[in-house]
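The values are calculated or read from the model by the stated rules, or taken from the named source; none is laboratory data. Keep in mind that this is a model prediction, so the values were computed, not measured. Cβ: placed from backbone, ideal geometry, glycine included. Neighbour counts: every protein chain shown. Ligands, DNA and RNA are stripped out before the accessible areas are found, and what is left, the full protein with its side chains, is counted by its heavy atoms. Shrake-Rupley method; radii C 1.70, N 1.55, O 1.52, S 1.80 Å.
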Number of protein chains: 2
Amino acid sequence: MMLRGSARPSGTALTERQKIAWLRLIRSDNVGPATFRDLINHFGSAEAALESLPELSRRGGAGRAIRVASVADAERELEAAYRFGATFVGIGEPDYPPALKEIDGAPPLLAVKGDLKAATRPSLGIVGSRNASASGAKFAAMIAREAGAVGYVVTSGLARGIDTAAHRASVETGTIAALAGGLDRPYPPENVGLLQEITSGAGLAISEMPFGWEPRARDFPRRNRLIAGVSLGVAIIEAASRSGSLITARYAADFGRLVFAVPGSPLDPRCHGTNDLLKQGATVTTSPADVIEGLAPLSRDDLFSRLDMEEPPIEERRSAPAAATARTAPGDSDRARIVEALGPTPVEIDDVIRHTGLSASSVYLVLLELDLAGQLCRHGANLVSIVSGE
Amino acid sequence: MMLRGSARPSGTALTERQKIAWLRLIRSDNVGPATFRDLINHFGSAEAALESLPELSRRGGAGRAIRVASVADAERELEAAYRFGATFVGIGEPDYPPALKEIDGAPPLLAVKGDLKAATRPSLGIVGSRNASASGAKFAAMIAREAGAVGYVVTSGLARGIDTAAHRASVETGTIAALAGGLDRPYPPENVGLLQEITSGAGLAISEMPFGWEPRARDFPRRNRLIAGVSLGVAIIEAASRSGSLITARYAADFGRLVFAVPGSPLDPRCHGTNDLLKQGATVTTSPADVIEGLAPLSRDDLFSRLDMEEPPIEERRSAPAAATARTAPGDSDRARIVEALGPTPVEIDDVIRHTGLSASSVYLVLLELDLAGQLCRHGANLVSIVSGE
């Protein structure tokens, strides 16, 4: 079976002005992907949302005004990206990875550098130990090579060990390096040359972090989420207990993607994590064919293109509710009722709506205010809790 | 959890005279366990069946009379067993392994030597490569030791490698060595000392082959069947593709027993078989706890004793149909119709009954005749085919 080189392009490009507004919005304080999407839902566009941000966060109880990224900030970042040979792809745009679009809290803007065709090809994630065994690295390369040969782009995290082996074996056929920091801050240093090979060939570097962002330990789980989100399946070659690769596997499972795990000796700590994945139902993987056959049903043209059907860009699609929101702006007593309905234990937003008897749009708006004020914690798509004072 | 030391004894002992008759019947030409059981079904006792054997095989078309073991033959084997410190346990007797009783074609008589209490304790089979790796042997010993500590008897095949490690680690707590030849013909020679340790302690040697039988390559699958039949579950530690351990695993799965497989590197041929078992749904086993927890539901007193409930000995239980059979002995034309209904492709006995319109007892009797004449091939419990001329 030979896969198509790339998915049918679809979606509508953002204007340069929209891109600036999107970048400002996602770079503003307390705005993550979920908040971003809800803001667009309520205000119809990033520009309209930006205007309301200070007022919203004040109503939500922010001690001081949240920082809203300025036009100058956004232009500076965009400028830096262009100088670096990179750009940003918005979630409604044709070059946005189709599988990533499907996940909860997909990044609205992805910084990308390299061959954009790689972004829309079906992807296999390959991850594993940084201190891989020789046979682990060999096996990762085998899978990457054979998956590349049948048309998959191989996505990994540019780390030492398994990641490096997977990227190297797929430089020719196309590979995506997901970074934990800004595109201009690759890690580890010894893989800067490899990253250059990747982005100057058929591959791509991607990041959801701002340019110039130095990756910290806590940014890596987010990078792992990106690997899982971009990919139809993830192969974990070697992984110790509680390692980052298991986080990637968890995300993949949560996103409904396939998880392939390579078995290994119970007496080798590098295999504890992968063996545990097998116990949890991951696909036993002892040859590249196991991966390729497992992915085949997901990668057929008809199914893969389902992920990437024509749809209006996010701003148009979401404009209708905005007007409604304006008409039903909640008062202070409504706000108090909603806050009272929340607690430190995550609760479903639908339950908050039922419990308070308020309109859905009022509840969403108050939640947005709390969110922007740093008072709300989001747990997945529909669960929220109040940030407990500390 | 600590298991009971042994199952509640049940069943009725065979008289010495019955034991001689059983031994004669099972050692006669063309009488395997299934034929043995059908003969007892039809004739009510081994003695009655023995009288009819020559006539049955003649009617079935045997070119020359089949050899029926004489009383002297049986007495000689029994004598040899006793001299050797061994004895025979019949399928209805209290010391017969309760799990083995449940399988299709369970051996009617088992030659045993050692501590008979081991025969009725819940058993875990442990098998694997003869050329085991050091870590494989270590892991086998770990499982054997911990399973022994909670009350399991460990059953294996006395082979080099994994089997040896499993037996050695459970000599103190009790281990069963299933042999491919007679009890007096252990293999391999270097494990004769180990076998002596086993049978002089809390362990047992078992065999379904005659005393003095030198094991040939083709006897080993039968030995593997015994290991699986005796055990509630079988752990396969290391196994190459197409190895004997996989035969044990197949039998265990067929018997509805648990199959535990230890994962290993896809690049180590000793792990190909075990990894394949994992792909087929065997339990991923990375610690003794995986085995012990897996077996726990099968080993609780109430469940295990279900395998071993009070029941009349096989000869009494089966005596009623014998009279009926005598009344409906089939004629030559019936025999011809049955033979016509059979072919080289296995067919269900029930279909033969329906197809010919003859009574079940007539059909079973003709099948017995063909069987004893070496004309019938049995495939599992209910499928038969005619032996094609060659």
request  = Between B:Thr345 and B:Phe84, with labels modelled 7 Å along Cα→Cβ, what's the label distance in nm to one decimal, could you check?
outcome  = 4.4
ask   = Between A:Pro346 and the same site in the other copies, what are the distances in nm, shortest first, taking label points 7 Å from Cα along the C-beta direction?
value = 5.1
message = Order B:58-69, B:81-92 from most to least packed using the mean count of other Cβ atoms within 10 Å.
response = B:81-92, B:58-69
query = In whole Hz, what ³J(HN,Hα) sequence does the range A:231-240 give by Karplus (6.51, -1.76, 1.60; θ = phi - 60°), x for Gly and Pro?
reply = 9, 7, x, 10, 9, 10, 8, 9, 7, 6
Global geometry of the range B:169-255, whether rounded, prolate or oblate, following the gyration tensor of its Cα atoms and the 1.5 cut on a/c = oblate
inquiry  = What's the ranking of B:117-130, A:42-55, A:165-178, B:358-371 by average number of surrounding C-beta atoms within 10 Å, highest first?
reply    = B:117-130, A:165-178, B:358-371, A:42-55
Largest to smallest principal axis extent of the C-alpha atoms in the protein assembly as shown, angstrom = 107, 54, 54
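Counting only helical runs of four or more DSSP H residues, what would the 222 nm mean residue ellipticity of chain B come to if each run contributes -39,500 (n - 2.57) and the total is spread over all its residues?
Working: 18 runs with 178 residues, N = 390.
Value at 222 nm, helices only, nearest 500: -13500 deg cm²/dmol.
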key: Rounded if a/c under 1.5, otherwise prolate or oblate - the range A:120-309, Cα gyration tensor axes   = rounded
ask   = Tell me, what HN-Hα J-couplings in whole Hz come from the Karplus equation 6.51 cos²θ - 1.76 cosθ + 1.60 at θ = phi - 60° for each residue of the range B:92-98, using x for Gly and Pro?
value = x, 7, x, 8, 6, x, x
task = Output the pairs from A:Lys138/B:Lys279; B:Lys113/B:Lys279; A:Lys113/A:Lys279; B:Lys19/B:Lys138; A:Lys117/A:Lys138; A:Lys19/A:Lys138 with a Cα-Cα distance over 32 Å in this structure; if there are none, say none.
result = B:Lys113/B:Lys279; A:Lys113/A:Lys279; B:Lys19/B:Lys138; A:Lys19/A:Lys138
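Kindly compute the accessible surface that chains B and A hide from a 1.4 Å probe when together, both sides summed, and give it to the nearest 100 Å². Please list the in-between numbers first.
Values: alone 16690 and 16660 Å², together 32030 Å².
The contact between A and B buries close to 1300 Å².
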query = Ordered by residue, what ³J(HN,Hα) values in Hz, to whole numbers, does the range A:107-115 give under the Karplus form 6.51 cos²θ - 1.76 cosθ + 1.60, where θ = phi - 60° and Gly and Pro are x?
reply = x, x, 10, 10, 7, 9, 9, x, 8
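At 1.4 Å probe size, with every protein chain present, just tell me what the per residue accessible area of the range B:120-309 comes to in Å².
Working: 6850 Å² over 190 residues.
Heavy-atom SASA per residue in the range B:120-309 reads 36 Å².
Name the shape class, rounded, prolate or oblate, that the alpha-carbon gyration tensor gives for the range B:45-109, where a ≥ b ≥ c are the square roots of its eigenvalues, rounded holds for a/c under 1.5, and otherwise prolate holds if a/b is larger than b/c and oblate otherwise.
Numbers: a/c = 2.81, a/b = 1.45, b/c = 1.94.
Oblate shape, in that a/c is at least 1.5 and b/c is the bigger or equal ratio.
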ask   = Once amide H atoms are placed 1.01 Å from N in the peptide plane, what residues at a sequence separation of 5 or more from B:Ile176, or on another chain, have their amide H within under 5 Å of its amide H?
value = B:Val154, B:Thr155, B:Ser156, B:Leu204
key: Check: the protein assembly as shown dipole with +1 on Lys, Arg Cβ and -1 on Asp, Glu Cβ, in debye   = 940
query = In the range B:258-293, which residues give up 40 Å² or more of accessible area once the other protein chains are added, compared with their chain alone (1.4 Å probe)?
reply = B:Pro263, B:Pro266, B:Leu267, B:Lys279, B:Val284, B:Thr286
ask   = Quick one: if you take sqrt(5λ) for each eigenvalue of the C-alpha gyration tensor of chain A, what semi-axes come out, biggest first, whole angstrom?
value = 38, 23, 19
request  = Would you mind listing the distances between the A:Ser385 label point and the same position in each other copy? Use 7 Å along Cα-to-C-beta, nm, one decimal, shortest first.
outcome  = 6.4
query = Taking R0 as 56 Å, what's the FRET efficiency between A:Arg58 and B:Arg242 from their Cβ-Cβ distance, rounded to 0.05?
reply = 0.15
note = Measuring from its Cα centre, chain A shows a charge dipole (+1 at each Lys and Arg Cβ, -1 at each Asp and Glu Cβ) which, in debye to the nearest 20, is 540
request  = May I ask you to report, in nm to one decimal and beginning with the shortest, the distances from A:Gly105 to the same position in the other copies, taking label points 7 Å along Cα-to-Cβ?
outcome  = 5.8
